[in-house]
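Enquirer: Provided herewith is a single structure, encoded as structure tokens, for subsequent inquiry.
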Amino acid sequence: MPTPPDLLAGPPSVITAGIDLLAEALVAQAVEVTAVDFRPALDDPPGTADTLSTVLADPRLAAANALAAGRMLGVRAHLVDVLPASEALGLAPGEFCHAGPPITWERASGPMRGALIGAMIFEGLAADVAEAEEKLVGGQGITLSPCHDHHAVGPMAGVVSPSMWMFKLIDESSGAVAFCSLNEGLGKVLRYGAFGPEVVDRLQWMARVLGPTLAIAVRASAPIDITAIVGQMVQMGDEGHNRNRAGTLMLLREILPALIASGLPPTDIADVARFLAANDHFFLNLVMPCGKLMGDAAAGIPGSSIVTAMCRNGTDFGIRVSGTGDEWFVGPANTPQGLYLAGFSADDANPDIGDSAITETMGIGGMVMAGAPAIVRLVGGSVSDALATTARMYEITETENPAFAVPILEFRGSPTGIDVTRVLRTQILPQINTGMAGRVAGTGQVGAGLVTPPMNCFVGAINALAATVPWSQ
Amino acid sequence: MTVVGDDAATAAPAGVDAVTVLHGDYSDSVTLLRISQAAGAAPGMHTAHIAMATPLNVELALGLGFEIPSGTGPNDLLVALRGDDQAAVQAGYAAFEQARRDAAATSRAGGSFSNGPAPHTVRSACAAAPDAAVVLLSVPGGSVLGEAMDAIAAGRHVMIFSDNVPLGHEVLLKDAAAAAGVLVMGPDCGTAVIGGVALGFANVLQPLSNGPRVGIVAASGTGAQHLISLLDDAGVGISAVLGLGGRDLSETVGGRSAITALKMLDDDPGTDHIVLISKPPHPATADKVLQIANSGRTPVTTILLGPGRPTISEGVETVLEALGLPVPTWSTWGWTGASDGPSRAAGPHHKGRNQAGRSQAWPNHAGRNHTRVLRGLFSGGTLADEAMVVLAGRLGDIRSNIPLRPDLGLNLSSLIVSGLDLSGQGHVVLDLGDDAFTVGRPHPMIDPTVKLEMLAAQAADPDVAVLLLDVVLGYAAEADPAARLAPAIAAAIESAGTAGRDLSVVVSLCGTAGDPQNRERQAVDLVDGGAQVFSSNAAAARAACDLIESATEIGAS
């Protein structure tokens, strides 16, 4: 706790919040004044502000949030293995993981349905699109569950089937594990809801060549310190969500010697190296499980209002909060605003989708837009917007992560640990950078842009947190 | 932004309406009231209602005959303008925009950020201003907890000007403050002076000299202002005024802040004497606080206010005696009575006269037209309270919205419905700072509109012989109160005179010689308007009693 200043030492400088007249009276006395640009807390629906007060009055709150944020910062994520989802997650044929909070086929959006169709074909559970769709509608022998319930995360549709290979990360401080699928690249890819032959062919090559090759290289290089690479990439202009170029190159640098020394056919090694080099987002699928470890580390602390997961299934946006465990607080996913690939427009975009908002949950992505000026135009903004965005994110986060420092902000640590109470107090929502999937199944990517969670996720969370306050009713 | 058409419905008042809704735009209510005034003053404008679209403000707008677009909610800024014609409402809107720009420029000038966005929470303001020792909060009461907790967590002292803070939050904040070693002043703390800096409503004090320096711990804002004004007049230096808010000395809060404040002043090498001013604390709290007060190295004088107790002026005299300083004659301007000031013989603690006064209580019905009554219009609650204690000792029962006894209470809501008609109510003293009067407008110390309306209404009441008003000077108070009050007093006296009645106006002028309003000029202007002006509130009340008694004698003869 900071040492308080001597109140009676002399004329103080003053922070003001509220009536301007009182600040003006101080300025008239030549007092140095820092004025807060204050807005009242959200009170929609009415009563929300009172519920917020109940949580703010929870005697556990400050220490619980400090502990949750401290645990996030304490994670040291290491890549240790690459293995099929059947082993990593114990998935059996017909079991699929998906992004976001729980969803049914009936409520699933176009890209989520497209990815499930593609995965059915890839797994050999259906010969064509029609058969896949029929079986998914029928639901016989099909199980859908969130990646988040399997210590896993998946970008965009996030569909994981037993034969897909996954990265395995371990937090060396706790032994916790997290998994993520391998990134397919951009354009017509399964995670954006595409399921054409080129998509399935690529998935088969990834399962046959890429996965086993990476497994050999990673095991030979392990452990690879992903937390350290994330820290470096943030200093190199990546924000770890929509730009992962530096991270991808650093990963390649880590595994290339082992890859070459693996004794595998040179053509396979060349194909793998070419695939990684052509996919600037390859490292996203390592940032995300790093974030998952951080979110999970902060989970389950009674009284804490820190967000431990933000994710979307293309229909709903869901958040989890430390003090309320595995409970999801959902609201309708917003549609991102941004730039569209040639031939596409806003009409083609699906609502927000993917577990990749775990990057913002861990304090990077949109939260550190200030550090990624190279992509501000991609997501439809300016450099000054990016600086303002990150400055704004410090208002709603519990702590700053010195491991992910933002050079342009004098190496200030990234804003980390989104606090539900601060979101409601300021009505500032977390800023998420994201890709946009086509709303029609089979389309693929249509653009990239910016999006925020719906506010009612946070309203739901505050209601649930208030119910846990020991002396509330 | 939605603009609703300007075709007034047949039932709507004459003129052209323009209603604009700015979504998600926020300003505080005091700023918006000032902006409303600026917009309403544009040429040809009748009405400007610019406010956050809370249910209350929407109802007000509907009551004024404006049409409000559906879907307008509390996060929207409502700009409802009515003028002679289209040009007038356009001028009104332009004035609104200019006033907003001016307000924004002021708030920027108030900030220490040359770059980067202004902080949105006290936590980030603390990070941006690591040397700021004090956080001054005037946010809505329900929003205080989060901001004040931010301040305490950052190790800053907090002054909470806001009222309507839940009692549980107050206790929680004060416990957190004790753990962090900081002082929480308030909630509902209007006045503090730290290092010569006036926070909230406070007065300009003379520079500290070599004489004794007094530190004040105050549970009452205007009580503290009156105390320091008199001490300043007596040449006493004030080292600090630490406010507590009205509930600190209650049983529940238990003097948490009083104890911290007393210890701070006891440890302060710049404080030679401490004065604690408050209404009588809860007995359990009084024991605790007085024990702390008496266990320190620095002598403490306690001024407890209320019926049967000394006035603030008498309390100041006690302090001066304790310091071995002479008691000056408290300033008066335009007093027409005895040269040694109004009669002091019948103080409120003078039991005999007190009982006699009660026996002459004004009957609660009209009809004794030979007896003339007093009306007190106060912006300071403590000043109103003290005046009533003095008046009751001489005149009997005083009815009020803050009565000395529950049975003397006035039902304000029914009075407001009747247009605040007090006729037949006998002697009445009103605290115009009461929430009932301040809904939708600033405190009467900032905006005297209510006081001026009431003044004119009371002057027209044939029973009324004496009007007793307070004027509070200092930072944050109205810039030139006499500018509007003096002509209003003159008009009131003239209208009564035209009706063949004498009307006396007595003003209790609370402020120091150094206040930005220039106390001497304010007093002279008020005297020019026909008022008799007193720097001692108790003396003003006694003068009012003298005037009522002589008016009643004349009337009865």
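The values are calculated or read from the model by the stated rules, or taken from the named source; none is laboratory data. Note that the structure is a prediction, hence the values are computed from the model and not measured. Note that we place each Cβ from the backbone using ideal geometry, even for glycine, and neighbour counts take in every protein chain shown.
Enquirer: Of all residues in region B:70-98, count the ones that are away from chain A (no Cβ under 14 Å), more than 19 Å from B:GLY15 (Cβ to Cβ) and over 32 Å from the mean Cα position of the chain (by Cα). Before you say what the answer is, go through the steps one by one.
Expert: Within region B:70-98, the first condition is being away from chain A (no Cβ under 14 Å), and the residues that meet it are B:70, B:78-98.
Still in the list and also more than 19 Å from B:GLY15 (Cβ to Cβ): B:70, B:97-98.
Going one step further and asking which of them are over 32 Å from the mean Cα position of the chain (by Cα), we end up with B:70.
Matching residues across region B:70-98 total 1.
Enquirer: Output yes when any residue across region A:411-419 is at pLDDT below 95 and either more than 28 Å from A:ALA372 (Cα to Cα) or within 14 Å of chain B (Cβ to nearest Cβ) (or both), and no when none is. Break it down stepwise before answering.
Expert: Keep residues of region A:411-419 that are at pLDDT below 95, which gives A:411-413.
Adding the requirement that they be either more than 28 Å from A:ALA372 (Cα to Cα) or within 14 Å of chain B (Cβ to nearest Cβ) (or both) leaves A:412-413.
So far as region A:411-419 goes, yes, one or more of its residues are at pLDDT below 95 and either more than 28 Å from A:ALA372 (Cα to Cα) or within 14 Å of chain B (Cβ to nearest Cβ) (or both).
Enquirer: Another question, then. I'm checking my understanding of the structure. Among residues of region B:197-218 that are closer than 21 Å to B:ALA132 by Cβ and touching a residue at least 12 places away in the same chain (Cβ under 8 Å), which one is nearest to the chain's Cα centre (by Cα)?
Expert: Of region B:197-218, the ones closer than 21 Å to B:ALA132 by Cβ are B:197-202.
Among the residues that remain, those that are also touching a residue at least 12 places away in the same chain (Cβ under 8 Å) are: B:198-202.
Values: B:ALA198: 15, B:LEU199: 14, B:GLY200: 11, B:PHE201: 8, B:ALA202: 11 Å.
Result: B:PHE201.
Enquirer: Given B:LEU249, B:LEU244, which one is in contact with a Pro (Cβ under 7 Å, 6 or more places away or on another chain), surrounded by 24 or more Cβ atoms within 10 Å (Cβ to Cβ) and more than 10 Å from every other protein chain (Cβ to nearest Cβ)? Can you show your working first?
Expert: Details: B:LEU244 fails: in contact with a Pro (Cβ under 7 Å, 6 or more places away or on another chain).
After applying the criteria, what remains is B:LEU249.
Enquirer: Also, quick follow-up: Conditions: (1) out of contact with any Gly (no Cβ under 7 Å at 6 or more places or on another chain); (2) within 14 Å of chain A (Cβ to nearest Cβ). B:ASP268 meets all but one. Number of the miss?
Expert: Condition (1) is where B:ASP268 drops out.
Enquirer: Further question: Touching a Lys or Arg at 6+ places or on another chain (Cβ under 7 Å), in contact (Cβ under 8 Å) with a residue 60 or more places away in the chain and within 30 Å of A:THR468 (Cα to Cα) - does that describe any residue in region A:36-50? Show your work before the answer.
Expert: Here is the first cut: in region A:36-50, the ones touching a Lys or Arg at 6+ places or on another chain (Cβ under 7 Å) are A:41.
Next, from what is left, pick out any that are in contact (Cβ under 8 Å) with a residue 60 or more places away in the chain: A:41.
So of that shortlist, the ones also within 30 Å of A:THR468 (Cα to Cα) come out as A:41.
Checked region A:36-50: at least one residue is touching a Lys or Arg at 6+ places or on another chain (Cβ under 7 Å), in contact (Cβ under 8 Å) with a residue 60 or more places away in the chain and within 30 Å of A:THR468 (Cα to Cα).
Enquirer: For B:LEU276, indicate whether it is more than 21 Å from B:PHE534 (Cβ to Cβ) and in a strand (DSSP E or B). Steps first, please.
Expert: Working: more than 21 Å from B:PHE534 (Cβ to Cβ): yes; in a strand (DSSP E or B): yes.
In short, yes.
Enquirer: Counting only residues that are out of contact with any Pro (no Cβ under 7 Å at 6 or more places or on another chain) and under 17 Å from A:LEU286 (Cβ atoms), which one in region A:187-210 is surrounded by the fewest Cβ atoms within 10 Å (Cβ to Cβ)?
Expert: Initially, region A:187-210 is screened for residues out of contact with any Pro (no Cβ under 7 Å at 6 or more places or on another chain), giving A:187-190, A:194-210.
Then drop every residue that is not under 17 Å from A:LEU286 (Cβ atoms), which leaves A:206, A:210.
Values: A:MET206: 24, A:LEU210: 21.
My answer is A:LEU210.
Enquirer: At least 1 residues that are in contact (Cβ under 8 Å) with a residue 12 or more places away in the chain and of a type in the set (Phe, Trp, Tyr) in each: list the strands (runs of 3 or more DSSP E) lying fully within region A:259-343 that qualify. Reasoning before the result, please.
Expert: Values: elements: A:307-313, A:316-321, A:329-332, A:337-340.
Strands (runs of 3 or more DSSP E) meeting the threshold: A:316-321, A:329-332, A:337-340.
Enquirer: Separate question: Output the residues belonging to region B:106-131 that are closer than 23 Å to B:SER29 by Cβ, modelled with pLDDT of 95 or more and assigned to a helix (DSSP H, G or I).
Expert: Correct list: B:VAL122, B:ALA125.
Enquirer: Look at B:GLY221 and say whether it is at pLDDT below 95, away from chain A (no Cβ under 14 Å) and within 20 Å of the chain's Cα centre (by Cα).
Expert: Details: at pLDDT below 95: yes; away from chain A (no Cβ under 14 Å): no; within 20 Å of the chain's Cα centre (by Cα): yes.
Considered against the rule, which asks whether it is at pLDDT below 95, away from chain A (no Cβ under 14 Å) and within 20 Å of the chain's Cα centre (by Cα), B:GLY221 comes out as no.
Enquirer: Which of (1) modelled with pLDDT of 95 or more; (2) closer than 25 Å to B:ASP434 by Cα; (3) facing chain A (nearest Cβ under 7 Å) is the odd one out, the single condition B:VAL134 does not satisfy?
Expert: (2)
Enquirer: What's the total number of residues in region A:394-410 that are touching a strand residue (DSSP E or B) at 6+ places or on another chain (Cβ under 7 Å) and within 11 Å of chain B (Cβ to nearest Cβ)? If you could, list the steps in order and put the result at the bottom.
Expert: Narrowing region A:394-410 to residues touching a strand residue (DSSP E or B) at 6+ places or on another chain (Cβ under 7 Å): A:394, A:396-402, A:404-406.
Now narrow it down to the ones that are within 11 Å of chain B (Cβ to nearest Cβ): A:394, A:396-398, A:400.
Number satisfying all stated conditions: 5.
Enquirer: I'd like to verify a number: residues in region B:378-412 that are part of a strand (DSSP E or B) and closer than 17 Å to B:GLY424 by Cα, how many? Working first, answer last.
Expert: Step one: of region B:378-412, the residues part of a strand (DSSP E or B) are B:378, B:399-400, B:409.
With closer than 17 Å to B:GLY424 by Cα added as a condition, the list becomes B:399-400, B:409.
Final tally of qualifying residues: 3.
Enquirer: Here is a follow-up. How many of the residues in region A:31-70 are at the interface with another protein chain (Cβ under 7 Å from one of its Cβ atoms), within 23 Å of A:SER304 (Cα to Cα) and of a type outside the set (Asp, Glu)?
Expert: Matching residues across region A:31-70 total 7.
Enquirer: Follow-up. Scan B:ILE398, B:ILE446, B:ILE416 and give me the residue that is surrounded by fewer than 18 Cβ atoms within 10 Å (Cβ to Cβ) and out of contact with any Pro (no Cβ under 6 Å at 6 or more places or on another chain). Give the derivation first.
Expert: On the way: B:ILE398 fails: surrounded by fewer than 18 Cβ atoms within 10 Å (Cβ to Cβ); B:ILE446 fails: surrounded by fewer than 18 Cβ atoms within 10 Å (Cβ to Cβ).
Criteria check complete, one pass: B:ILE416.
Enquirer: Please verify whether B:ASP435 is loosely packed, with under 15 Cβ neighbours inside 10 Å, under 16 Å from the mean Cα position of the chain (by Cα) and acidic (Asp, Glu), treating the condition exactly as stated.
Expert: Details: loosely packed, with under 15 Cβ neighbours inside 10 Å: yes; under 16 Å from the mean Cα position of the chain (by Cα): yes; acidic (Asp, Glu): yes.
When the stated conditions are applied, B:ASP435 passes them.
Enquirer: Across region A:317-347, which residue is nearest to the chain's Cα centre (by Cα) among those that are modelled with pLDDT of 95 or more and among the charged types (D, E, K, R)?
Expert: Filtering first and then ranking leaves A:ARG320.
Enquirer: Output the number of residues of region A:426-435 satisfying the condition of being in contact with an Asp or Glu (Cβ under 8 Å, 6 or more places away or on another chain) and either within 12 Å of chain B (Cβ to nearest Cβ) or not hydroxyl-bearing (Ser, Thr, Tyr) (or both). Quick ask: steps written out before the conclusion?
Expert: Applying the first criterion (in contact with an Asp or Glu (Cβ under 8 Å, 6 or more places away or on another chain)) to region A:426-435 yields A:426, A:428, A:430-434.
Filter once more, keeping what is either within 12 Å of chain B (Cβ to nearest Cβ) or not hydroxyl-bearing (Ser, Thr, Tyr) (or both): A:426, A:428, A:430-433.
Total satisfying the criteria: 6.
Enquirer: Moving on. Among the residues of region A:425-437, count how many are under 20 Å from the mean Cα position of the chain (by Cα) and not in a loop (DSSP other than H, G, I, E, B).
Expert: Here is the first cut: in region A:425-437, the ones under 20 Å from the mean Cα position of the chain (by Cα) are A:428-437.
Imposing the further condition that a residue be not in a loop (DSSP other than H, G, I, E, B) reduces the set to A:432-437.
Looking only at that region, the number is 6.
Enquirer: While we're here: Of all residues in region B:240-273 being touching a residue at least 40 places away in the same chain (Cβ under 8 Å) and assigned to a helix (DSSP H, G or I), which is farthest from B:VAL214 (Cα to Cα)?
Expert: B:ARG256
Enquirer: Of all residues in region A:369-409, count the ones that are part of a loop (DSSP other than H, G, I, E, B), in contact (Cβ under 8 Å) with a residue 40 or more places away in the chain and in contact with a Lys or Arg (Cβ under 6 Å, 6 or more places away or on another chain). Before you say what the answer is, go through the steps one by one.
Expert: Going through region A:369-409, the residues part of a loop (DSSP other than H, G, I, E, B) turn out to be A:372, A:376-382, A:394-396.
If we keep only those that are in contact (Cβ under 8 Å) with a residue 40 or more places away in the chain as well, we get A:372, A:378-381.
Remaining after also requiring in contact with a Lys or Arg (Cβ under 6 Å, 6 or more places away or on another chain): A:372.
Result for region A:369-409: 1.
Enquirer: If you check B:ASP421 against the conditions, is it buried (at least 24 other Cβ atoms within 10 Å of the Cβ), farther than 18 Å from B:GLU549 by Cα and of a type in the set (D, E, K, R)? Let's see the steps before the verdict.
Expert: Numbers: buried (at least 24 other Cβ atoms within 10 Å of the Cβ): no; farther than 18 Å from B:GLU549 by Cα: yes; of a type in the set (D, E, K, R): yes.
Taking the combined requirement at face value, the residue does not satisfy it.
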